[in-house]
Amino acid sequence: MSDVCESTRHPLTTAKEAVNVRVASGREGFTEILRHAGQDLVDVLEKDQDPDSPEVREALSQLHDHVDRAMADHAHRQRRWPVRTDGERLTRAFRALDESGVIAREEFGCCDGCAKAALNGELATRNSVPSGQAVRGYAFYHRQDRKNAVAGGPLVVRFEASHPLRRAAVGEETAETLRAHGLTVDWDGDPDRGLLIPMDWSRRRFGRGAAFPGPAVDGEPMVRVSFNDPGSYGVPEWISRYEGRVSVRELSRMVLPWLPRSFVATLSSGHGQTIVLERDFDLLRVHHGPALSRERVEEPLSRWAVGAVWPREEARSSHAGLLEVNYADTAEEGMGFVDYAEPLETAAARQLVYQLTPAKGTFAVFTAANGEVAQMMWESGSLLWMESPSPAEGVSRGRHVTLPEAEEMVRVLAEEGRVALADLGELRTTSW
């Protein structure tokens, strides 16, 4: 691979540094990180430099390889992490603040000024609702704080109060909540100083968020792929990127294990054979062919692509440890949305309960292999409602829950295939 020219070297270095931070944050998947990285590169090119020049194309190719290596390194490191990381403690502490009446936001805004402007507005709006829960203040850290923490420095958590006289009290409450979740806080009580948290920045990646294609291999099996477009949302970027002629490696590692259940993939090999497949929970079913494991599809698909036969034994479903999940985070700079439900392992689904911002209207729908459904939605005043719909009766049965209760409901649904809300107490029935 040729070297990039000097005028492209600095933008490439800058983009690579941004990639490292994005990968460490645990948010977004390979495709989204690569898109942001390409934009970061183009944004800092010299004004007279052609973004379509061979030098820039070479830099983009190197950037692709860098994202791949960064994701692979992250996956290797997280195998050695403890059961509960500092990053997970931080998120749980922030959600506890939300529930207690202090707005808490992670990776919020590009800088202190932008973050405070947005949060001051949210604070005023929340406190203007007569029937709503009084909000005492807010705590946050912005993207520059995240960058510093990823590099090994302490994380700065900043805070403000609804009244100037309450600033120190909000700071103390924030510090105590962080400590209660196992984090060390350095703060002298000065309301004009942020809280310093020395921490090991560790954010786990799961499922599609942890997937990476790996390096290309000379002579590897290739196929031509097309996907149907089943609805009004369009084909997601992480799927459309791998349409056309792609390697079995990329298709098997980046798309098929998470193919939305409403999608159908049509694959054509160089030997003139065509198959149609779709995902059925934890299996990939080939029309008029075998059922394949969604986690081990690369080998049998590679054999088919070069003209060999399918495996004699079909894969079997475990019916546990996996949920179909779609969600929408309504908060500014929140988790975004997933329109087509994606499969999440139990640990990832439990983590999502805490990652979603407690903003009015934020919701998630969890569906088990047997069709049992539990769905949660944040209401005004940081109240969390969880219910199970019964389409046959035209009703839903649910109750308000705490975050730990919601997490346990998701675990039971994934592992046992049942909605356990009634175990928490009396349910309220709502007709549609």
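The values are calculated or read from the model by the stated rules, or taken from the named source; none is laboratory data. For clarity, every value in this text was computed on a predicted model and none was experimentally measured. Neighbour counts are summed over all protein chains in view; Cβ atoms, including those assigned to glycine, are modelled from backbone coordinates with ideal geometry.
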ask   = Quick check: is even one residue across the stretch 150-173 touching a helix residue (DSSP H, G or I) at 6+ places or on another chain (Cβ under 8 Å), of a type outside the set (Phe, Trp, Tyr) and under 20 Å from residue 205 (Cα atoms)?
value = yes
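So that you can scan it fast, the table gives a plain yes or no per residue for (1) at pLDDT 95 or above; (2) touching a Leu at 6+ places or on another chain (Cβ under 7 Å); (3) of a type in the set (Gly, Ala, Ser):
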{"site": "146", "(1), (2), (3)": "yes, no, no"}
{"site": "168", "(1), (2), (3)": "yes, no, yes"}
{"site": "177", "(1), (2), (3)": "yes, yes, no"}
{"site": "181", "(1), (2), (3)": "yes, no, no"}
{"site": "197", "(1), (2), (3)": "yes, yes, no"}
request  = For the stretch 423-432, name all the residues that are of a type outside the set (A, V, I, L, M), more than 26 Å from residue 130 (Cβ to Cβ) and not in a helix (DSSP H, G or I).
outcome  = 425, 426, 429, 431, 432
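Looking at residue 281, is it touching a residue at least 40 places away in the same chain (Cβ under 8 Å) and among the aromatic types (Phe, Trp, Tyr)?
Details: touching a residue at least 40 places away in the same chain (Cβ under 8 Å): yes; among the aromatic types (Phe, Trp, Tyr): yes.
Taking the combined requirement at face value, the residue satisfies it.
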remark   = Filtering the stretch 22-43 down to residues that are over 17 Å from residue 211 (Cβ atoms) and surrounded by 20 or more Cβ atoms within 10 Å (Cβ to Cβ) yields 41
request  = Can you tell me which residue among 341, 331 is closer than 30 Å to residue 141 by Cβ and hydrophobic (A, V, I, L, M, F, W, C)?
outcome  = 331
ask   = Only one of (1) within 25 Å of residue 351 (Cβ to Cβ); (2) within 22 Å of the chain's Cα centre (by Cα) fails for residue 251. Which number is that?
value = (1)
request  = Taking only the stretch 382-422 into account, find how many residues are part of a loop (DSSP other than H, G, I, E, B) and crowded, with 18+ Cβ neighbours inside 10 Å.
outcome  = 2
ask   = residue 282 is checked against (1) over 14 Å from the mean Cα position of the chain (by Cα); (2) among the acidic types (Asp, Glu); (3) more than 29 Å from residue 82 (Cβ to Cβ) and fails just one. What number does that condition carry?
value = (3)
note = Counting only strands (runs of 3 or more DSSP E) entirely within the stretch 325-381, those with at least 1 residues that are surrounded by 20 or more Cβ atoms within 10 Å (Cβ to Cβ), of a type in the set (Gly, Ala, Ser) and touching a residue at least 40 places away in the same chain (Cβ under 8 Å) are 373-379
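For the stretch 56-69, indicate whether the set of residues that are under 18 Å from the mean Cα position of the chain (by Cα) and surrounded by 15 or more Cβ atoms within 10 Å (Cβ to Cβ) is non-empty. Spell out the reasoning first.
Here is the first cut: in the stretch 56-69, the ones under 18 Å from the mean Cα position of the chain (by Cα) are 67-68.
When the remaining residues are screened for being surrounded by 15 or more Cβ atoms within 10 Å (Cβ to Cβ), the result is 67-68.
Yes, there is a match, as at least one residue in the stretch 56-69 is under 18 Å from the mean Cα position of the chain (by Cα) and surrounded by 15 or more Cβ atoms within 10 Å (Cβ to Cβ).
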ask   = If you take the residues in the stretch 96-119 that are assigned to a helix (DSSP H, G or I) and in contact with a strand residue (DSSP E or B) (Cβ under 7 Å, 6 or more places away or on another chain), which one is surrounded by the most Cβ atoms within 10 Å (Cβ to Cβ)?
value = 97
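Considering only residues of the stretch 314-324 that are in contact with a Ser or Thr (Cβ under 8 Å, 6 or more places away or on another chain) and either without any contact (Cβ under 8 Å) to a residue 60 or more places away in the chain or outside any strand (DSSP E or B) (or both), which is nearest to residue 354 (Cα to Cα)?
Taking the stretch 314-324 first, the residues in contact with a Ser or Thr (Cβ under 8 Å, 6 or more places away or on another chain) are 315, 321-324.
Filter again for either without any contact (Cβ under 8 Å) to a residue 60 or more places away in the chain or outside any strand (DSSP E or B) (or both), leaving 315, 321.
Numbers: 315: 33, 321: 19 Å.
Only one residue fits best here, namely 321.
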